[in-house]
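Inspection log for the structure reproduced underneath, given as structure tokens.
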Amino acid sequence: MTTFASIGRDLFSLVWSGLISGCLYAFGALGLVMVFKCSKVVNFSHGNAAGLAAFLVYGFSGGWFLNLSWGSAVLLALTISIMVAILSYAVIAPIVFESDLTSTIATLGIGLIMQGAIQLLFGSDIVNLDLPIPRFSMVVLGLRISSYDLTILTTTLICIGGLFFIIDRTRLGIAFRAVSSNPFAAEVCGLNMRSVHLFAWVAASLLGVIAALLIVPTTFLSSTTLPSFMLNAFAAAVVGGFASLPGAAVGGITVGIVVNLFTFYVSPEFNNTFMLGLILVTLNLFPNGLLQHRVGSRV
């Protein structure tokens, strides 16, 4: 009886922590899916852009460049991230309508440039970047919930809820849905394709920055931290359906829970191998993603 109770507590705790991690993967997956839906480009620079933003917050708040408050440093980093997103899209804009493959390969080059910029500005040292939130925890039904967990859940609900509101209720969101559903018809109707693409790139950049600021306190910050994290986000996008925004959110939570269970019950050393296997299995069994397989293709 004690063994079963212990297993139940472990499983409950693993699912909860997997849910928290899954929220972070959902942020990354949503950014990837937004760019892909409207431009059919897989943005492999997404993780490097998020890592650059996290380092900028560290540099602006830790005295490396400036000695600003954390909030001011975040606002300045967000502004720079938006400018970087605009510049990144400007680089691939001339070829995005010519070849999806060429544009995707170009994002690899952009990502490598960003990684080089991080190493040039901040070196290869590993640094810490924490969240300025009160530290407390509480126990609910035997489950320990920390202030960090509540911060992630609250931020996820607000940001993802706001994103879906913009897409469902605003003219820009309607334009995004039109371009995602039928680019040719949207262009014939007079929609500015590049403006919609740019909206997707900027929104994806902001989601990546939020994910970076939330994930870094649980680990360390280096030039490879966020690109490695984006492997799980990429898997989440595949699992949920690379053309479905709700699927990206569901896929992120699914991947977070499954990876957490695998790490605990099997081995943390084979996480990347497991993720690649999960991607391959999903592509073979559910090529349109789990959610699209059930509810069809919809924004």
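Using beta carbons and a limit of 6 Å, which pairs, at least six apart or on different chains, have the first residue in the range 110-135 and over 18 Å from residue 45 (Cβ atoms) and the second one open to solvent by 30 Å² or more (accessible area, probe 1.4 Å) and assigned to a helix (DSSP H, G or I)?
Filtered contacts from the range 110-135: 127/58; 129/58; 130/217; 131/217; 132/70; 133/151.
When the residues of the range 119-165 are narrowed to those that are more than 17 Å from the chain's Cα centre (by Cα) and small (Gly, Ala, Ser), which ends up farthest from residue 208 (Cα to Cα)?
Among those residues, the one meeting the criterion is 142.
Given the residues 57, 84, 41, which is the only one that is part of a loop (DSSP other than H, G, I, E, B) and in contact (Cβ under 8 Å) with a residue 60 or more places away in the chain?
Details: 57 fails: part of a loop (DSSP other than H, G, I, E, B); 84 fails: part of a loop (DSSP other than H, G, I, E, B).
Only one candidate qualifies: 41.
Those residues that are outside any helix (DSSP H, G or I) and touching a residue at least 40 places away in the same chain (Cβ under 8 Å), I need them from the range 155-174; list them, please.
Taking the range 155-174 as the starting set, the residues that turn out to be outside any helix (DSSP H, G or I) are 170.
Answer for the range 155-174, where residues must be outside any helix (DSSP H, G or I) and touching a residue at least 40 places away in the same chain (Cβ under 8 Å): there is none.
Does residue 183 fit the bill of being closer than 28 Å to residue 42 by Cβ and more than 17 Å from the chain's Cα centre (by Cα)?
Numbers: closer than 28 Å to residue 42 by Cβ: yes; more than 17 Å from the chain's Cα centre (by Cα): yes.
Yes.
Given the condition in a strand (DSSP E or B) and over 16 Å from residue 56 (Cβ atoms), answer yes or no: does some residue in the range 129-138 qualify? Walk me through it before giving the result.
Residues of the range 129-138 that are in a strand (DSSP E or B), as a first pass: 137-138.
Filter once more, so that each one left must be over 16 Å from residue 56 (Cβ atoms): 137-138.
Yes, the range 129-138 contains a residue that is in a strand (DSSP E or B) and over 16 Å from residue 56 (Cβ atoms).
Restricting to the range 95-107, count the residues that are part of a helix (DSSP H, G or I) and open to solvent by less than 90 Å² (accessible area, probe 1.4 Å).
Quick first cut of the range 95-107, residues part of a helix (DSSP H, G or I) only: 95-96, 100-107.
Still in the list and also open to solvent by less than 90 Å² (accessible area, probe 1.4 Å): 95-96, 100, 102-104, 106-107.
Counting residues in the range 95-107 that are part of a helix (DSSP H, G or I) and open to solvent by less than 90 Å² (accessible area, probe 1.4 Å) gives 8.
Select from the range 143-165 the residues that are closer than 15 Å to residue 246 by Cα and surrounded by 14 or more Cβ atoms within 10 Å (Cβ to Cβ) and list them in ascending order.
156, 159, 160, 163, 164
Which residues, taken from the range 110-132, are small (Gly, Ala, Ser) and open to solvent by less than 30 Å² (accessible area, probe 1.4 Å)?
First, the residues of the range 110-132 that are small (Gly, Ala, Ser): 111, 116-117, 123-124.
Scanning the range 110-132 gives 111, 123.
Select the helices (runs of 4 or more DSSP H) contained entirely in the range 175-260, then report the ones holding at least 3 residues which are out of contact with any Lys or Arg (no Cβ under 7 Å at 6 or more places or on another chain) and either open to solvent by less than 20 Å² (accessible area, probe 1.4 Å) or at positive phi (or both). Let's see the steps before the verdict.
Values: elements: 183-188, 193-215, 225-240.
Output list reads 193-215, 225-240.
Conditions (1) surrounded by fewer than 23 Cβ atoms within 10 Å (Cβ to Cβ); (2) modelled with pLDDT of 90 or more; (3) over 20 Å from residue 201 (Cβ atoms), marked per residue:
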residue: 46; (1), (2), (3): no, yes, no
residue: 56; (1), (2), (3): no, yes, no
residue: 63; (1), (2), (3): yes, no, yes
residue: 70; (1), (2), (3): yes, yes, yes
residue: 73; (1), (2), (3): yes, yes, yes
residue: 78; (1), (2), (3): yes, yes, no
residue: 82; (1), (2), (3): yes, yes, no
residue: 87; (1), (2), (3): yes, yes, no
residue: 90; (1), (2), (3): yes, yes, no
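Return yes or no: is residue 41 β-branched (Val, Ile, Thr), buried (at least 20 other Cβ atoms within 10 Å of the Cβ) and closer than 24 Å to residue 146 by Cβ? Give the derivation first.
Working: β-branched (Val, Ile, Thr): yes; buried (at least 20 other Cβ atoms within 10 Å of the Cβ): yes; closer than 24 Å to residue 146 by Cβ: no.
Against the criterion (β-branched (Val, Ile, Thr), buried (at least 20 other Cβ atoms within 10 Å of the Cβ) and closer than 24 Å to residue 146 by Cβ), residue 41 does not qualify.
I need a count of the residues in the range 97-118 that are over 22 Å from the mean Cα position of the chain (by Cα) and at pLDDT 90 or above.
Residues of the range 97-118 over 22 Å from the mean Cα position of the chain (by Cα): 97-99, 102.
Cutting the leftovers down to at pLDDT 90 or above gives us 102.
Result for the range 97-118: 1.
The values are calculated or read from the model by the stated rules, or taken from the named source; none is laboratory data. Bear in mind the structure is a predicted one, so any value in this text is a computation, not a measurement. Quick reminder, even Gly has a Cβ in these numbers, built from the backbone with ideal geometry, and neighbours come from all protein chains shown. Heads up: the accessible areas ignore ligands, DNA and RNA and are worked out on the full protein's heavy atoms, side chains in. Shrake-Rupley method; radii C 1.70, N 1.55, O 1.52, S 1.80 Å.
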